[in-house]
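This report refers to the structure that appears directly beneath it.
The values are calculated or read from the model by the stated rules, or taken from the named source; none is laboratory data. Predicted model, so just to flag it, every value in this text is computed and none were measured. With ideal geometry, Cβ positions are generated from the backbone for all residues, glycine too; neighbour counts draw on all protein chains shown.
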Amino acid sequence: MTPEIFLVIDGNSLAHRAFHAIPLLSTSQGTVTNAVYGFATMLLKILADRKPGMVAVCFDKGKITFRHHECDTYKATRKATPDDLRPQFPLLKEMLSAMGIQVLEMDGYEADDLIGTMVTLAEKESINSVIVTGDRDALQLVSPRTTVLLTKKGISDLEEYNVDKVRERYSLDPGQLIDLKGLAGDTSDNIPGVPGVGEKTGIKLISEFGSLENLLQNTDCINSRVGAKISQHAEQARLSKRLATIEKRVPVNINPSLCRWTGFDYNNLLLIFSKLEFHSLIKSVTKLINKADEKTESSTGTEVGASDTVLKTYKADYTLVEKGDFEFLMDRLTGFKIGLALEGNRENGLTAAAISLSDTDNYYIPVSSRDALDFVSRLADSDRIEKLCFNAKSDMWTLYRHGIKLRGLAYDLVIAAYLLNPATPGRDISDLALKYLEVVLPAGGSASLCSRADVIRKLAVMLEKEIAEADMENLYYGVELPLVTILAEMEMAGVKVDSELLEKMSDNLGQRIEQLAQSIHELAGEKFNINSTRQLGHILFEKFHLPVIKKTKTGYSTDAEVLEELADTHDIVNHIIMYRQLAKLKSTYMDGLRPLIRPSTGLVHTTFNQNVTATGRLSCSDPNLQNIPIRLEEGRTIRKVFKPHLDTNIMLTADYSQIELRILAHMAKDPVLLEAFRENQDIHTRTASEVFGVAVHDVTGDMRGRAKAVNFGIIYGISDFGLARDIKVTRQEAGRYIRNYFQRYSGTRNYIDQTIAGARDRGYVTTILNRRRYLPDLFSPNKNIRNFGERTATNTPIQGSAADIIKLAMVKIWYELKKRNLQTLMVLQVHDELIFDVPPQEIEEIRELVRDCMENAITLDVPLRVDMKMGPNWYDVKKI
């Protein structure tokens, strides 16, 4: 039988490790959580791997310990706890309590001392201990019964030290490491040691003399220089040893047996994870709950917690629907709203459906026969049965596999959750069930699917209320909900790709890349791996002695920013920049596109993501057609492969002209911007005239280009540093441009100031259709993060309103296409542009329809304008 293990964790060490290993995370309310998340991730893994019988986590308490009374410079050089980490310690302790884990801390002592005391007590009880820490001081505690897991890189890499490993690493016994510290000191704790004696010399001396005390009695036997230093600093060496020695007799009123671990309080733990928005950890713990559920069940639920509020594995009662019941059920459902949950996916189709009409009316339909599939088809197609779904677009794809359309969509939880919290929406129904109903859904089977349907119905009522309270009903029902069906139809329609042309373009680009590589090698005077940062760094900075802009932990940085800064220093740099751009273009947008083309149809079916971006803009993936680098001619050329479904059809593009600047004019009520757009002036020329103080007819192309950068930079809260980098002027000159802008556009300055102040007051900003974005960064103690929050507050209402407007236009266009029974397809949306596949006989009507819907999507204080182009493919479109 495996001996029982006592797991003792250095809480401060792991918290600091997690904080620095994981980028800052925060909840939608602004609570910083990265240290708690990393700590929880590490702890769950260690508990699963080690399966301890007893667990304790030890923390420092207060800044002053008994060591400070002996040496007031002890740890004097240690940096203060980061502002973003300090408030996470109470959250950590709350989490540990919910995990059923004993927390130890005591005034005047460090976590190390509590750890040393607990493992010493464990040894007396013949209990094996495992210490988890990032502090090598703990290695002095290693013994036949105590091992140390030392954290290394990140939060997952641990190195185990037993007695033999300590001897292998230091050539000393664990107990002699404090003697080594007496000589070599410890800079991290500001322990002085003996000046001039390092670890290597210290190990040699302690190995020879056994202990610091024996060494100090025999300094005359040591090399005269080293011996003299040790004799001179003997008392300092003794002090250093005492400071480094972990106290093993802290007067604790607890022993290892009282740290027995019996498992999690699942109820409280899941509620804490839900509050902290740890969605992946919720899934991990839910799996454990479902395992417990297999052992203990009741008709109303399975109790898996031990607190007053009982968290249950939710199980809805349901009726199995078979062939003879289909007509009755169809009549029963007509005229009502139902919670609908489907089992299946877009590749394999539908395997089962679950319907929830009320708490006591839940139905399970296995789709194992033609009759069952016909019933689901009639159900889905009926707009007299309103459907409440969790992720309707996914359900539409599952049904599409069978040629079934979903009509009568009344609610989509994913979209509602996204509007309520765009930073961390509930992307899994389990998250929402836990957050709103405090229940856990069972895993797999008919009970699981019916429980999902019932929970969907209940959640729809709750989220509908929250949407109304946030004044987002018009946005939800008028824009986002109908857009679900529109995007599904766009995905299913797909866009045609000329595979032969794509292959030819890829081959040509490959030849250009090879030619560039050859030129780079000739300029370098040798062959090397251009894709190797190390080898490229050697060529640029050691062979050519170009100025070193930035270094990383592994050597010279050769990222895009560095290369741009070096572009004028050597011809090879511009060749490398072009090589990288073309190589990425080929691998990502040419070779990467090929596997996504359906051989039978020649179509690609991109996925439009409606609930991903924090601003409300759509994104797309597989393939991501929004990120084709069109600033590069070779990138723009890729658009040539996208063409209409039929060769006789026409590609029509409709692009909002300067929509974000028009929205800024509307929101800021800036008189100069309003006048420019109302009089249909070139806004960049007008801005150049204002900023440079010249007449409009005297504005040069260079001035206009710089003014354009200023115009768009203002929207994104650009700094003088960022503008200087973008337009390649000095920081002082860029700062002057920005100051001149705000002097002439004072309304914009006031708008930005008022928007930031309002965001601080409310905690969020809103768009033109009242979409919200919460801004916890505004309240961060970190100045850089606060500044980022201010830039986000400035930009989101503008960028988010642009998203609102084009979505509203898409809805209007789609309804018109359906109403007029037109064959034109809306196939793509890329930022402020819509792309249509138009039969030639409909082109005039579509041009008028699209322009009208887009330019009149909403009424602003300035006119909306749309630029339209048409042609045989997405690249060869000409302005009309």
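Taking the conditions exactly as written (farther than 20 Å from L104 by Cα and touching a residue at least 24 places away in the same chain (Cβ under 8 Å)), does S156 satisfy them or not? Full working, then the answer.
Numbers: farther than 20 Å from L104 by Cα: yes; touching a residue at least 24 places away in the same chain (Cβ under 8 Å): yes.
So S156 passes the test.
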Exercise. Those residues that are under 25 Å from E500 (Cβ atoms) and of a type in the set (A, V, I, L, M), I need them from segment 603-625; list them, please.
Key: L603, V604, L625
Self-check item: Long-range neighbours under 8 Å by Cβ, at least six apart or interchain, first residue in the same structural domain as S143 (by TED's automatic domain parsing) and of a type in the set (S, T, N, Q) within segment 233-248, second assigned to a helix (DSSP H, G or I) and buried (at least 20 other Cβ atoms within 10 Å of the Cβ)
Solution: S240/K181; S240/G182; S240/L183; T245/Q140; T245/I178
Quiz item: What's the number of the condition A234 fails, among (1) surrounded by 13 or more Cβ atoms within 10 Å (Cβ to Cβ); (2) at pLDDT 80 or above; (3) farther than 30 Å from E125 by Cβ?
Solution: (2)
Practice problem: For segment 415-426, indicate whether the set of residues that are buried (at least 22 other Cβ atoms within 10 Å of the Cβ), of a type in the set (V, I, T) and closer than 19 Å to V612 by Cβ is non-empty. | Solution: yes
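Residue by residue, here is whether (1) in contact with an Asp or Glu (Cβ under 9 Å, 6 or more places away or on another chain); (2) in a helix (DSSP H, G or I); (3) closer than 19 Å to A352 by Cβ; (4) not aromatic (F, W, Y) holds:
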{"position": "I415", "(1), (2), (3), (4)": "yes, yes, no, yes"}
{"position": "D431", "(1), (2), (3), (4)": "yes, yes, no, yes"}
{"position": "D454", "(1), (2), (3), (4)": "yes, yes, yes, yes"}
{"position": "M462", "(1), (2), (3), (4)": "no, yes, no, yes"}
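Do you know which residues across segment 852-880 are under 12 Å from T653 (Cβ atoms) and not in a strand (DSSP E or B)? Spell out the reasoning first.
Our first condition is that a residue be under 12 Å from T653 (Cβ atoms); within segment 852-880, this holds for 854, 866-871, 873-880.
Across segment 852-880, the qualifying residues are M854, N873, W874, Y875, D876, V877, I880.
Per-residue answers, yes or no, for (1) assigned to a helix (DSSP H, G or I); (2) closer than 20 Å to K387 by Cα; (3) small (G, A, S); (4) at pLDDT 80 or above:
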| residue | (1), (2), (3), (4) |
| --- | --- |
| F326 | yes, yes, no, yes |
| L329 | yes, yes, no, yes |
| I338 | no, yes, no, yes |
| E343 | no, yes, no, yes |
| A354 | no, yes, yes, yes |
| L357 | no, yes, no, yes |
| N362 | no, yes, no, yes |
Self-check item: Qualifying residue in segment 569-580 (condition: surrounded by 13 or more Cβ atoms within 10 Å (Cβ to Cβ), touching a strand residue (DSSP E or B) at 6+ places or on another chain (Cβ under 7 Å) and under 25 Å from G722 (Cβ atoms))
Solution: no
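Suppose we filter A560, A517 for residues that are in contact with a helix residue (DSSP H, G or I) (Cβ under 9 Å, 6 or more places away or on another chain), touching a residue at least 12 places away in the same chain (Cβ under 8 Å) and surrounded by 15 or more Cβ atoms within 10 Å (Cβ to Cβ); which single one remains?
Values: A560 fails: surrounded by 15 or more Cβ atoms within 10 Å (Cβ to Cβ).
Exactly one of A560, A517 is in contact with a helix residue (DSSP H, G or I) (Cβ under 9 Å, 6 or more places away or on another chain), touching a residue at least 12 places away in the same chain (Cβ under 8 Å) and surrounded by 15 or more Cβ atoms within 10 Å (Cβ to Cβ), namely A517.
Report yes if Q732 is at pLDDT 90 or above, out of contact with any strand residue (DSSP E or B) (no Cβ under 7 Å at 6 or more places or on another chain) and in a helix (DSSP H, G or I), otherwise no.
Details: at pLDDT 90 or above: yes; out of contact with any strand residue (DSSP E or B) (no Cβ under 7 Å at 6 or more places or on another chain): yes; in a helix (DSSP H, G or I): yes.
Taking the combined requirement at face value, the residue satisfies it.
On the basis of being surrounded by fewer than 19 Cβ atoms within 10 Å (Cβ to Cβ) and of a type in the set (K, R), does K435 make the cut? Spell out how you get there, then give the answer.
Numbers: surrounded by fewer than 19 Cβ atoms within 10 Å (Cβ to Cβ): no; of a type in the set (K, R): yes.
So K435 fails the test.
Yes or no: segment 718-732 includes at least one residue that is aliphatic (A, V, I, L, M), over 30 Å from I785 (Cα atoms) and touching a residue at least 12 places away in the same chain (Cβ under 8 Å). So that I can check it myself, show each step before the final result.
The initial filter retains those residues of segment 718-732 that are aliphatic (A, V, I, L, M), namely 718, 723-724, 727, 729.
Imposing the further condition that a residue be over 30 Å from I785 (Cα atoms) reduces the set to none.
Taking every residue of segment 718-732 in turn, none turns out to be aliphatic (A, V, I, L, M), over 30 Å from I785 (Cα atoms) and touching a residue at least 12 places away in the same chain (Cβ under 8 Å).
Determine, yes or no, whether K75 is surrounded by 17 or more Cβ atoms within 10 Å (Cβ to Cβ), of a type in the set (D, E, K, R) and not in a helix (DSSP H, G or I). Steps first, answer last, please.
Values: surrounded by 17 or more Cβ atoms within 10 Å (Cβ to Cβ): yes; of a type in the set (D, E, K, R): yes; not in a helix (DSSP H, G or I): yes.
Yes, satisfied.
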Self-check item: Given (1) surrounded by fewer than 17 Cβ atoms within 10 Å (Cβ to Cβ); (2) out of contact with any helix residue (DSSP H, G or I) (no Cβ under 8 Å at 6 or more places or on another chain), number of the condition D622 does not satisfy
Solution: (2)
Practice problem: Determine if segment 635-649 includes at least one residue that is of a type outside the set (A, V, I, L, M) and closer than 30 Å to N740 by Cβ. | Solution: no
Quiz item: Does segment 592-619 hold any residues that are without any contact (Cβ under 8 Å) to a residue 24 or more places away in the chain and either assigned to a helix (DSSP H, G or I) or under 23 Å from T792 (Cβ atoms) (or both), and which are they?
Solution: P595, N609, V612, S619
Self-check item: Odd one out for A488 among (1) within 28 Å of the chain's Cα centre (by Cα); (2) in a helix (DSSP H, G or I); (3) within 25 Å of D361 (Cβ to Cβ)
Solution: (3)
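Listed here are the residues, each with its yes/no results for (1) more than 20 Å from R725 (Cβ to Cβ); (2) of a type in the set (A, V, I, L, M, F, W, C); (3) modelled with pLDDT of 95 or more; (4) not assigned by TED's automatic domain parsing to the domain that holds Y589.
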| residue | (1), (2), (3), (4) |
| --- | --- |
| H521 | yes, no, yes, no |
| T533 | yes, no, no, no |
| F544 | yes, yes, no, no |
| P547 | no, no, no, no |
| K550 | no, no, no, no |
| K553 | yes, no, no, no |
| S557 | no, no, no, no |
| L563 | no, yes, no, no |
| A567 | no, yes, no, no |
Quiz prompt | Considering residues of segment 621-641 that are in contact (Cβ under 8 Å) with a residue 40 or more places away in the chain and outside any helix (DSSP H, G or I) only, the residue nearest to T796 (Cα to Cα) | solution = P629
Quiz item: Only one of these conditions is not met by D852: (1) of a type in the set (D, E); (2) surrounded by fewer than 17 Cβ atoms within 10 Å (Cβ to Cβ); (3) in contact with a strand residue (DSSP E or B) (Cβ under 8 Å, 6 or more places away or on another chain). Which number is it?
Solution: (3)
Quiz item: Which residue pairs have Cβ atoms under 6 Å apart, sit 6 or more places apart or on different chains, and have a first residue in segment 354-377 that is farther than 17 Å from G344 by Cβ and a second that is of a type in the set (K, R) and at pLDDT 95 or above?
Solution: S356/R457
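Can you tell me which residue within segment 10-41, out of those that are β-branched (V, I, T) and under 14 Å from L778 (Cα atoms), is surrounded by the most Cβ atoms within 10 Å (Cβ to Cβ)?
From segment 10-41, those β-branched (V, I, T) are 22, 27, 31-33, 36, 41; that's our starting set.
Applying the additional criterion that residues be under 14 Å from L778 (Cα atoms) yields 27, 31-32.
Details: T27: 17, T31: 17, V32: 25.
Once the filter is applied, the top-ranked residue is V32.
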Quiz item: Listed residues P52, P87, P82, P23; which is in contact with a strand residue (DSSP E or B) (Cβ under 9 Å, 6 or more places away or on another chain) and farther than 26 Å from V130 by Cβ?
Solution: P87
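Determine which member of the set K869, K812 is in contact (Cβ under 8 Å) with a residue 40 or more places away in the chain, touching a helix residue (DSSP H, G or I) at 6+ places or on another chain (Cβ under 8 Å), of a type in the set (D, E, K, R) and at negative phi. Even if it seems obvious, please write down each step before you answer.
Working: K869 fails: touching a helix residue (DSSP H, G or I) at 6+ places or on another chain (Cβ under 8 Å).
So the residue among K869, K812 that is in contact (Cβ under 8 Å) with a residue 40 or more places away in the chain, touching a helix residue (DSSP H, G or I) at 6+ places or on another chain (Cβ under 8 Å), of a type in the set (D, E, K, R) and at negative phi is K812.
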Practice problem: Give the residue that is modelled with the lowest pLDDT, with candidates limited to residues of segment 735-776 that are among the aliphatic types (A, V, I, L, M) and assigned to a helix (DSSP H, G or I). | Solution: I738
Quiz item: Among the residues of segment 744-759, is any buried (at least 17 other Cβ atoms within 10 Å of the Cβ), of a type in the set (F, W, Y), out of contact with any Gly (no Cβ under 8 Å at 6 or more places or on another chain) and over 20 Å from G789 (Cβ atoms)?
Solution: yes
